[in-house]
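Participant: Structure below; questions to follow.
Just so it is clear, none of the values below were taken in a lab; they were calculated from the coordinates. Here the structure is a predicted model, which means the values were calculated and not measured. In this analysis, Cβ positions are derived from the backbone assuming ideal geometry, glycine residues included, and neighbour counts consider all displayed protein chains.
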Amino acid sequence: MPHTTESITKDEIDVCHEAYDILIKNLASKLKGDDKEMLDAAYRMALDAHKFQRRKSGEPYILHPIAVARICHEEIGLGPTAVICALLHDVVEDTPIELDEIFEKFGPKITRIVDGLTKLDGLYNVGNTNAENLKKVLSTLVEDVRVVLIKMADRIHNLRTIGAMPVHKQIKIAAETEFIYAPLAHRLGLYKIKSEFEDIILKITDPEVYLELEEKIKTSEKERQKFIKSFLSPIKNKLDELNIPFRTIGRVKAISSIYQKIQNKNVPFERVYDLFAIRIIIDVPVEEEKRACWHIYSLITDFYKPIPERLKDWITSPKGNGYESLHTTIIGPKGRFVEIQIRTERMDDIAERGFAAHWKYKGKKNQNSVYDGWLDNIRTLLDNQEGDAIDFLNDFKTNLFKKEVYVFTPNGEMRILPLGATALDFAFDIHSDIGIKASSIKVNGKLVPMGYKLVNGDQVTVNTSKNQKPNKDWINIVVTGKARSKIRQSLNSAKKIQADLGKEILVRKLKNLKVDFEENMDFLVNQYGFRTRMEFYAAVADEHVKTSDFKKFVIENSKLCLPKEDIVEKEEVKKTSKKAKKKVQLVVINGEENQQYEYQLSRCCNPVKGDEIFAFVSSTQGMKIHRKNCKNASNLFTNYGYRILKAEWQGMTRSKFIVQLEIEGLDTGIGVIQNITNEISGKLGINMKSLSIAEKEGIFEGSIGMEVNNLEQLNKVIKKLKTIEGINSVNRITNSE
Ligand code: MN
């Protein structure tokens, strides 16, 4: 954060006071006791502490904590305590104020939350992978959920104002948001925030696509409103007769979710029919909710024909994140599909604000159990993981962010497991001892393999045996983090015994060779290509590595080393590879224009001159150039941020780039191939490398390989192709490598 030597001006302080006054005005009805004094004290402390600081945009820094505080209250629905913490959230991190001072003035509760927020900061340290960050986020989450909710508000505000940041930082922040905060917001049911995260991520990573969709939504708005109106008018009359307070919303879905639809279903914008959903929200007491919602359902389906497969009853069994609603899709006017969401005000509040709204309804409908179970799960994961953050992350992602399957114990108790969970996962879910000792499993009375994938409604019985022990294959059978970490633990203890044995063998062997154990072990581990001593020891015990083989080494000065010829051979290889290096430098790495770097254009996204790019130093394949919107980019940025280098295209150099385009369309029977060849090779004079087209039921799909000079030329080709009759979509192919 830039410090200036000069304090913010008087005029600026007035602006800050105004912003703070709005916050207080909106919060007024929630203030009790000495809340107001505490708020004022927090504001004064933050104002004074940040007075020499400005944001990237130049405005006084204090406006940021005030904005975060407002988001906490107005958008997430948090109370005065959280608002005080939000005002103070950057004070300890960035100013001379110490935690002690906060403790003195505000007491233990606020201090604990501010401390949690401070610990969550400093996320961009080199070598600190995002997996570790996530672990940090989750540890504070289980302590006080408000820490994470305030952090979400902080992140939202930073994203809303991200325009002032340099682009490479924007991408990094976007990647981290995509990796940690968006899924977490989803899991906590903070639907609104999650959508906003995803929209901003898309805007940063693929601005063209984003702006195009935004524009298309805007231009179709009038027509859509008309449609919604004509759709609702007969229903509204019926609802009025019911004498239940209700409101309806016809809202366009988030741009990012429309984009996902376009991607997943591979259809153009014009063919995404469920661009919007119509929501009917009624206000009835909790005990009448279910009946009333179904009543509305039957009312609507009196008018419009429903599509039975699309009926989703999240009221009878709420989603794992607490979401409740009754969804259906009907065939509306002009044969258009319309998604209808029927819910009550309470359900709507939970759907929009998720966890934050839960406090309000706590006890009303046993709501909290969903989150309690989830938090318990996180606790187990955190407790069981010994260090490997990437393992942890994978477990966490598969375990807690996916959709669920609902199954039952023999007593009829319902258990929620992630979709794709197996019978063995179920055993571990009941209790880790039952998992470890599971010998056979029955589903609905029939014996099934351990890897049987659970289906909604399955009743599962696990038989155990004292002599059972997990083996390596079990890791691949389970998908839940809990099962995986328990199996790993059990295997590790077995491995430890193996390793001890191997170490003993090695100690004896090296003693015989009369060389020191410590001094030679790393050399041996390296020579045999193991990552850790432990793995090497175990391999010796298993006889995958034979100690008799050590005679190939020579001993010099009581150290093991390679005989001379071997070394020479390796040097040779190095020399030849150096010769191969000379080629035109198309890309400038790290802004060092005169520096030669060895790199390759990545085949997963085939960058073309003009694309936004970055360089990634891979551990085995040298440096690769990727497009910024490459499918692999967010993974690389978040897990290996320290290996990313800035890359730009060299202005002067010329070269050809190979690209693959994917086309799709309706076969008009007028020889699409000929049209394509005419346009591309003929009119544009571009060298086509390959063209293949397959037709199925009147729809064709094809791919074209070609050489282009730069992005501009490529875009010209894509534009041209789109004008050819019958072609619906043209996209650059990205493979996942
Ligand atoms: Mn902040």
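Participant: Compute, for segment 214-353, the length of the dipole vector about the Cα centre, with Cβ point charges of +1 (Lys, Arg) and -1 (Asp, Glu) only. Units Debye, rounded to 20. Could the numbers behind the result be given before it?
Facilitator: Numbers: 26 positive and 21 negative charges, 130 e Å.
Rounded to the nearest 20 debye, it is 620 debye.
Participant: Quick one: if you stick a label point 7 Å off each Cα along the C-beta vector at Phe408 and Lys169, how many nm between them?
Facilitator: My value for the distance between the label points is 5.7 nm.
Participant: Now for a different question. How do the peptides 62-68, 110-116 rank, highest first, by the average count of neighbouring beta carbon atoms within 10 Å per residue?
Facilitator: On the way: 62-68: 23.9, 110-116: 21.7.
So the peptides 62-68, 110-116, ranked by packing, come out 62-68, 110-116.
Participant: When the C-alpha atoms of segment 214-353 are aligned to their principal axes, what extent does each axis show, in angstrom, from largest down?
Facilitator: So the three principal-axis extents are 43, 35, 26 Å.
Participant: For each of Leu99, Leu213, count neighbouring Cβ atoms within 10 Å of the residue's Cβ, then give the residues from fewest to most. Can you show the working numbers first?
Facilitator: On the way: Leu99 14, Leu213 20.
Sorted ascending by nearby Cβ count, the order is Leu99, Leu213.
Participant: For segment 32-102, state which trypsin sites (Lys or Arg not before Pro) are in a DSSP loop and have at most 11 other beta carbons lying within 10 Å of their beta carbon.
Facilitator: Lys32
Participant: Would you list Ile258, Ile416, Ile625 from fewest to most Cβ contacts within 10 Å?
Facilitator: Values: Ile258 21, Ile416 17, Ile625 24.
Final ranking by Cβ density, sparse to dense: Ile416, Ile258, Ile625.
Participant: Then there's this: Give, in nm to one decimal, the length gained when the segment between Arg251 and Glu556 is fully stretched (0.36 nm per residue of separation minus the Cα-Cα distance).
Facilitator: Details: separation 305, 0.36 × 305 = 109.80 nm, distance 7.73 nm.
The Arg251-Glu556 span can extend by a further 102.1 nm.
Participant: Compute the signed sum of charges (Lys and Arg +1, Asp and Glu -1) over the other residues within less than 14 Å, Cβ to Cβ, of Lys466. Can you show the working numbers first?
Facilitator: Working: positive: Lys437, Lys469; negative: Asp433.
Overall, the nearby charge balance is +1.
Participant: What percent do you get for the relative contact order of segment 214-353 when only Cα pairs under 8 Å and 6+ apart count?
Facilitator: Numbers: 177 pairs, mean separation 33.1, N = 140.
Dividing the mean separation by the residue count of segment 214-353 yields 24 percent.
Participant: Sorting check: for 171-178, 673-680, which peptide has the highest mean count of neighbouring beta carbons within 10 Å, and how do the rest follow?
Facilitator: Details: 171-178: 22.6, 673-680: 15.9.
Listed from highest to lowest mean packing, they are 171-178, 673-680.
Participant: Arrange Asp199, Asp11, Asp283 by Cβ neighbour counts within 10 Å, fewest through most, would you?
Facilitator: Values: Asp199 20, Asp11 7, Asp283 13.
By the 10 Å Cβ count, ascending: Asp11, Asp283, Asp199.
Participant: While we're looking at this one, here's another question. Would you tally the net charge around Tyr304, using a Cβ to Cβ cut-off of less than 13 Å, leaving Tyr304 out, and scoring K and R as +1, D and E as -1? Write out the running numbers ahead of the final one.
Facilitator: Working: positive: Lys238, Lys305, Arg310, Lys334, Arg336; negative: Asp302, Glu339.
For residues surrounding Tyr304, the net value is +3.
Participant: Counting other Cβ atoms within 10 Å, which GluC sites (Glu not before Pro) in segment 16-116 have at most 12 and lie in a DSSP loop?
Facilitator: Numbers: sites: Glu18, Glu37, Glu74, Glu75, Glu93, Glu98, Glu101, Glu104; in loops: Glu98.
Here the sparse-neighbourhood loop sites are Glu98.
Participant: Residues with beta-carbon under 12 Å from that of Ala541, excluding Ala541: net charge, scoring Lys, Arg +1 and Asp, Glu -1?
Facilitator: Numbers: positive: Lys495, Lys496, Lys503, Lys546; negative: Asp500, Glu504, Glu535, Asp542, Glu543.
That works out to -1.
Participant: Shifting gears a bit: Give the calculated FRET efficiency between Ala694 and Lys305 to the nearest 0.05, with a Förster radius of 41 Å applied to their Cβ-Cβ distance.
Facilitator: On the way: r = 35 Å, r/R0 = 0.86.
FRET efficiency, Ala694 to Lys305: 0.70.
Participant: Please give the contour-minus-distance gain from Ser233 to Asn476: 0.36 nm per residue of separation, less the Cα-Cα distance, rounded to one decimal in nm. Each step should come with its number before you reach the end.
Facilitator: Details: separation 243, 0.36 × 243 = 87.48 nm, distance 5.42 nm.
So the extension gain works out to 82.1 nm.
Participant: Report the full-extension gain for the segment Gln596 to Lys466: residue separation times 0.36 nm, less the Cα-Cα distance, to one decimal in nm. Mind dumping the intermediate values first?
Facilitator: Details: separation 130, 0.36 × 130 = 46.80 nm, distance 6.33 nm.
So the extension gain works out to 40.5 nm.
Participant: Next question, about the same structure. Could you go through segment 522-538 in sequence order and give the Karplus-derived ³J(HN,Hα) for each residue, using 6.51 cos²θ - 1.76 cosθ + 1.60 with θ = phi - 60°, rounded to whole Hz, and x for Gly and Pro?
Facilitator: 4, 4, 5, 4, 5, 4, 8, x, 9, 7, 10, 4, 3, 5, 5, 4, 4
Participant: Follow-up question, since we're still on this one. For segment 254-348, which trypsin sites (Lys or Arg not before Pro) pass both filters: DSSP loop (anything but H, G, I, E, B) and at most 14 other C-beta atoms within 10 Å? Can you show the working numbers first?
Facilitator: Values: sites: Lys261, Lys265, Arg271, Arg279, Lys290, Arg291, Arg310, Lys312, Lys319, Lys334, Arg336, Arg343, Arg346; in loops: Lys319, Arg336.
Filter output for segment 254-348: Arg336.
Participant: If amide H atoms are built 1.01 Å from N in the plane of the peptide, which residues on other chains or at least 5 residues away come under 5 Å of the amide H of Thr329?
Facilitator: Amide H neighbours of Thr329, under 5 Å, 5+ apart: Ile307, Arg310, Leu311, Ile340.
Participant: List, in order, the whole-Hz ³J(HN,Hα) value for each residue of segment 246-251 obtained from phi through the Karplus relation with A = 6.51, B = -1.76, C = 1.60 and θ = phi - 60°; use x for Gly and Pro.
Facilitator: Going residue by residue, I get 8, 9, 10, 10, x, 10 Hz, with x marking Gly and Pro.
Participant: Find the percent of Cα-Cα distances in segment 491-560 that exceed 21 Å, and round it to a whole number.
Facilitator: Working: 429 of 2415 pairs.
Across segment 491-560, Cα pairs with separations above 21 Å total 18 percent.
Participant: Further question on the same structure: When only Cα pairs under 8 Å and 6 or more residues apart are kept, what is the percent relative contact order across segment 491-560?
Facilitator: Values: 62 pairs, mean separation 30.2, N = 70.
Averaging sequence separation for qualifying contacts and normalising by length gives 43 percent for segment 491-560.
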